[in-house]
Each structure stands twice: as structure tokens, then as C-alpha cells.
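See below for the structure under consideration.
The values are calculated or read from the model by the stated rules, or taken from the named source; none is laboratory data. Predicted model only: the values in this text are computed from it and were never measured. Don't worry about glycine lacking a Cβ; one is built from the backbone with ideal geometry, like all the others, and counts go over all protein chains shown. Surface accessibility is based on the protein's heavy atoms, side chains included, excluding ligands, DNA and RNA. Shrake-Rupley method; radii C 1.70, N 1.55, O 1.52, S 1.80 Å.
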Amino acid sequence: MRHVADIPHPAVKITLLAWNGKFLLKLEQGNLEQTYKVAELDLLTGTDAEVRELLDDDFFASAIARFQAMRADLQAAFDRHELR
């Protein structure tokens, strides 16, 4: 796996990796993580610049909302089992 870039964002840590003909976009927020795999063949030129184009405001709004839902799901599981 090759590290391609760290992409700055105020709310999410973003790491772009390349592996086995795919780009992996890893988004982290606290103890939660989302990973998106994008095949090079799904892109016009197969470059990381095209992957970066996917990172628009709508993408981030959805990803951040998903982190909030993930956090709520995890907290609900802890609460059901009285773990914290």
C-alpha cells in the first residue's frame, strides 16, 4: 500500500492511498473511520487528481453526517449493554 497524500480538511483527517489498482480514501474523525475504494479503471485518467475531485462539499456533508450516525449507533450499543 502506497501513501499518496494527506488531504487537509478542518473536520476530517483524510488519507489517500494507492493499492492494487485502487485508490483508497480513508476518512477519520476521532475513533471512527470510513474508507472508500475507487478503482483506477473507473476514472478517466486513473490519477489521484481525479479522486480529489470527488471530495466536494456534498461529499463532505454526507460523510460528516455519516460519522454522526456512526457515533450515535456506537453509543446506543454501549447504552444497551450498559458498557459506559
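What fraction of the Cα pairs in region 11-84, stated in percent, has a spacing above 20 angstrom? Cα-Cα pairs of region 11-84 separated by over 20 Å account for 41 percent. Counting 0.36 nm for each residue step from Tyr36 to Gln68 and taking away their Cα separation leaves a gain of 9.8 nm. Rolled with a 1.4 Å probe across the full set of protein chains, the surface gives Leu32 an accessible area near 20 Å².
Taking amide H positions as modeled 1.01 Å from N, with prolines and chain starts lacking one, the residues under 5 Å from Ala5 and 5 or more places away or on another chain are Leu16. Rolling a 1.4 Å probe over the heavy atoms of the protein chains gives the chain an accessible area of 68 Å² per residue. With the charge dipole of region 2-81 set up from +1 on Lys and Arg Cβ and -1 on Asp and Glu Cβ about the Cα centre, the Cα lying farthest toward the positive end among the listed residues Leu43, Phe78, Gly21 is that of Phe78.
What you get for the chain, charging only the Cβ of Lys and Arg (+1) and of Asp and Glu (-1), is a dipole of about 340 debye around the Cα centre. Rounded to whole numbers, the Karplus 3J(HN,Hα) couplings from phi for region 68-84 are 4, 5, 4, 4, 5, 4, 5, 4, 4, 5, 4, 5, 4, 9, 6, 9, 6 Hz, using 6.51 cos²θ - 1.76 cosθ + 1.60 with θ = phi - 60°, and x at Gly and Pro.
The share of accessible area on region 2-81 that comes from carbon and sulfur is 53 percent, using a 1.4 angstrom probe.
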